[in-house]
Structures are given as C-alpha cells and as structure tokens.
Amino acid sequence: MVSSTSQILENPSSRNKFVPSRKLVKLPAWLEVAKPRLIPLLLATTLGGMALSEGWPLPSPRLACTLGGGALAAAAAGALNCLWEQDLDGRMERTSSRALPSGRLSPSTVFAGAISCTLAAATLLVSGVNCLAAGLSLLGICCYVLLYTALLKPRTSQNIVFGGVAGAIPPLVGAAAATGHVGLSGWWLFALVMVWTPAHFWALAILLKDDYRSVGIPMLPVVKGSVFTARAISRYGWATVFLSTFGVFALPDGGLLYGLLLIPFNGRLLQMVHRLASDPDDLTNAKGLFRWSILYMFGICLLLVISRFPLASQFHSQGIVLFTNIANTLSIA
Ligand code: HEM
Ligand SMILES: CC(C)=CCC/C(C)=C/CC/C(C)=C/COP(=O)(O)OP(=O)(O)O
C-alpha cells in the first residue's frame with residue numbers, strides 16, 4: 001500500500017522510519033544541532049581513506065586525533081548548517097521540531113558552540129595529525145555551509161551533486177592523516193562518495209518532496225518529479241557500482257578480497273535502484289534505497305579496512321598466483 005508523502009510526514013512514527021535512528025533516542029538540544037547521526041558514516045569514510053594509504057595502520061594517538069578532529073569538524077559544520085537554515089527548518093515538517101526553530105537553543109549559543117568545535121578540531125588536527133588534515137577539515141566545513149547550504153541548496157536541483165563535495169572530503173582527511181598527502185586512492189574514495197550521494201539523498205528527497213516544495217527548495221523530485229529522479233538515481237547507482245570496482249586497484253594490498261566481497265553489496269544496490277526505477281511512486285522503494293545507501297557506504301569502508309588485514313594480503317597473493325597459473329595453462333592449451 002503506497003502512502004502519500006504528506007500522510008508519511010503527518011504520522012511522526014512513519015516519518016521516523018525514513019531516518020532509521022530518529023526513533024532510537026531523543027538527543028539533548030546541544031548535541032542534536034551537531035547532527036551526530038551523520039558522524040559515524042563520515043568517520044567511516046575517513047577510515048576508508050586511511051586504509052587506502054601506505055601509512056595504514058596509523059599510530060593510535062594519530063588515529064584518535066584524526067577521528068576526534070573529524071567528528072568535531074562535522075559537528076561544527078552541522079551546527080552552522082542548522083544556524084543558517086533555522087528559518088527554513090522551522091517551515092519544514094521534518095525539521096520544524098529542531099532545537100533552533102523550536103527555541104530550545106538560541107542562535108548565539110549554537111554559533112559559540114560551532115566556533116568552539118571548529119577551533120577544537122583545528123587544534124587537535126594540527127597538533128596531533130598534520131596541517132593538511134586540518135586544512136581539509138576546515139575546507140569541508142566551508143563547502144558544506146557556504147557552497148551547499150548557502151549557495152546551491154536554495155538555487156539548483158543539482159545542489160547535492162556539486163554540494164556533495166562537502167561529504168566527500170572526509171576520505172581526503174583520512175588519506176592526509178595517513179601519509180601527509182592525498183594520493184590517487186584517496187581521490188578514488190572521494191569520487192565514490194560523490195557519485196554515491198545522489199542515490200543516497202534523492203531517494204530520501206522523493207519521500208520528502210512535498211516538504212521541500214512547501215518551502216521552495218528545488219530538490220530534483222520537486223523540479224522534475226519522481227520518475228525523472230528515479231532515472232537519475234539509476235544512472236548514479238550504476239556509476240557507483242562501476243567506480244566501486246576500482247577499489248581493487250586503489251588498495252595497496254588485499255584488493256582481490258575487496259573485489260569478491262564487493263559483489264553482494266553492488267548486487268543489492270542495483271536491485272534497490274532497479275526497484276525504484278520500475279516503480280518510483282511506491283515510497284517503500286525509495287525508503288529501502290535510502291536505508292541501503294547508508295549500509296552500502298558503511299560496507300564499502302569496512303571492506304577497505306578488512307582488505308588491509310594480513311589474512312587479506314595472503315589471500316590476495318595466493319589469488320594472483322592462482323590466476324597466473326590458470327592464465328599460463330590456458331595460453332599453453
Ligand atoms: C549533499 C549531500 C547530502 C545530503 C543533501 C544529505 C541529506 C540527508 C538528509 C536530509 C538526511 C536525513 C536527516 C534527518 O532528517 O535527520 C540524511 C541522513 C543521513 N545521511 Fe545524508 N546527505 C548527504 C550526504 C551524506 C554523506 C556524505 C554522508 C556520510 C558519508 C551521509 C550520511 C547520512 C546518514 C548516516 C544519515 C542517517 C542519519 C540518521 O540516521 O538520522 N549523508 N542525509
Ligand atoms: C570534513 C567535513 C567536516 C565535512 C562535512 C561533511 C558533512 C557534515 C556533510 C553533511 C552532508 C549532509 C548530511 C547534508 C544534508 O544537509 P541538509 O541541510 O540538506 O540536511 P537537513 O535538511 O536535514 O538539515
């Protein structure tokens with residue numbers, strides 16, 4: 001049975017289904033504005049950027065400073081986004097109960113918290129990691145708040161395609177923390193998060209298009225409709241699958257295990273993308289893809305880390321020998 005978006009939004013319990021952890025626990029206002037539910041996946045992609053580097057595994061103090069600094073930077077970015085959009089959030093069903101529009105926090109308090117988190121992040125990253133990691137984190141904050149939130153989101157239906165650069169920066173921070181520079185592998189994961197973002201968010205935007213339409217935000221489903229958006233999601237879904245396979249070569253070791261374990265993740269992603277493209281008006285398809293998009297990206301980052309285990313390296317070496325022997329046998333036959 002297909003529910004309309006307004007029915008979904010009017011019924012708070014069904015709305016919570018779209019943002020899985022929403023129903024888990026009511027967060028204190030000062031924590032809520034930091035958008036903490038995004039941070040684990042942002043840190044997972046940071047870890048992925050590290051695992052792709054020769055510097056893996058990082059010394060524990062540097063690892064802790066990178067993840068702590070990244071979390072503080074993401075919290076600052078989330079708080080500044082909430083500050084910038086407090087009026088808009090107050091007019092949208094999904095966000096109207098947030099701390100600023102509901103008056104549970106004052107703008108000056110949120111601004112002071114955001115600046116404090118930014119300074120703490122910069123201090124932690126400069127002292128415990130390096131200046132490149134700190135600079136990239138500050139760039140991430142600027143891209144999210146200025147490029148996406150202020151400039152692109154209210155103006156173009158491609159806002160999340162270009163604004164997605166903000167969410168793709170954490171892998172670069174991880175690579176910079178591991179080696180002091182960003183190599184091709186780090187840019188590969190940056191590109192993968194970029195092409196993953198449309199499937200992740202446009203699936204949610206289909207569910208929330210009435211909400212976005214009511215406040216004049218030109219998300220793609222509002223401007224072009226669900227059918228057009230589902231087709232666009234399909235293109236980005238295939239691009240994500242295609243690009244994800246290059247992780248076999250981006251990894252310094254263990255690429256073979258990554259490539260094998262990647263198959264079910266990509267199979268499920270294509271299945272969810274195809275289901276949505278075949279019936280864009282069935283909101284359960286959009287909800288399922290949104291949820292899977294998050295698990296998918298967590299899965300990719302987990303595979304990258306697992307691929308750096310010694311056992312994965314052994315599996316890779318033996319696999320190469322096996323393939324070489326098979327190729328030699330076939331060339332002789
Ligand atoms: C411009 C790019 C992006 C946009 C517009 C976007 C948008 C959204 C929105 C609107 C939500 C629902 C939030 C809520 O109502 O509480 C959400 C949820 C989420 N996003 Fe994204 N997202 C983007 C990129 C990312 C990136 C790069 C990541 C991590 C790598 C990410 C991870 C998540 C997670 C984990 C959730 C679920 C949060 C929860 O469980 O409450 N998103 N996203
Ligand atoms: C390195 C670094 C700090 C990078 C920043 C990464 C970051 C915080 C990305 C967030 C992406 C995101 C969830 C956008 C949604 O904003 P929205 O305004 O569309 O969501 P909303 O409507 O729920 O407020």
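Assorted remarks:
- Here L152 fulfils each of the conditions (1) surrounded by 24 or more Cβ atoms within 10 Å (Cβ to Cβ); (2) within 12 Å of ligand 1 (Cβ to nearest atom); (3) over 17 Å from the mean Cα position of the chain (by Cα) apart from (1).
- Just one of the listed residues (A203, A199) is under 26 Å from M272 (Cα atoms), buried (at least 24 other Cβ atoms within 10 Å of the Cβ) and touching a Gly at 6+ places or on another chain (Cβ under 7 Å), and it is A199.
Listed here are the residues, each with its yes/no results for (1) more than 23 Å from W187 (Cβ to Cβ); (2) more than 9 Å from ligand 2 (Cβ to nearest atom).
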position	(1), (2)
G128	yes, yes
C131	no, yes
A134	no, yes
I141	no, no
Y144	no, no
T149	yes, no
I160	no, no
G163	no, no
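- Hey, T46 more than 13 Å from ligand 1 (Cβ to nearest atom), of a type in the set (V, I, T), farther than 15 Å from E32 by Cβ and surrounded by 17 or more Cβ atoms within 10 Å (Cβ to Cβ) or not: no
- Residues that are more than 18 Å from L302 (Cβ to Cβ) and crowded, with 23+ Cβ neighbours inside 10 Å, drawn from the stretch 168-185: I169, L172, V173, A176, A177
- For the residues A166, A205, the requirement of being closer than 29 Å to R91 by Cβ, assigned to a loop (DSSP other than H, G, I, E, B), under 16 Å from the mean Cα position of the chain (by Cα) and at pLDDT 95 or above singles out A166.
- Selection of the stretch 105-147 for residues being within 16 Å of ligand 1 (Cβ to nearest atom) and touching a residue at least 60 places away in the same chain (Cβ under 8 Å) yields S137, G140, I141, Y144, V145.
- Inspection of the stretch 174-190 identifies at least one residue that is touching a residue at least 24 places away in the same chain (Cβ under 8 Å), out of contact with any helix residue (DSSP H, G or I) (no Cβ under 6 Å at 6 or more places or on another chain) and among the aliphatic types (A, V, I, L, M).
- Top-ranked residue in the stretch 170-201 [being more than 15 Å from ligand 2 (Cβ to nearest atom) and small (G, A, S); ranked as nearest to G288 (Cα to Cα)]: A191
- Test for L147: is it over 19 Å from I217 (Cβ atoms) and buried (at least 17 other Cβ atoms within 10 Å of the Cβ): no
- Identification of helices (runs of 4 or more DSSP H) wholly contained in the stretch 216-333 with 1 or more residues that are within 16 Å of ligand 2 (Cβ to nearest atom), at pLDDT 95 or above and surrounded by fewer than 17 Cβ atoms within 10 Å (Cβ to Cβ) yields 220-244, 283-306.
- Scanning the stretch 92-121 for residues that are among the aliphatic types (A, V, I, L, M) and either buried (at least 20 other Cβ atoms within 10 Å of the Cβ) or part of a loop (DSSP other than H, G, I, E, B) (or both) yields M92, A99, L100, L105, V110, A114, A121.
The values are calculated or read from the model by the stated rules, or taken from the named source; none is laboratory data. Bear in mind the structure is a predicted one, so any value in this text is a computation, not a measurement. No Cβ is skipped: glycine too gets one built from the backbone with ideal geometry, and neighbour counts run over all protein chains shown.
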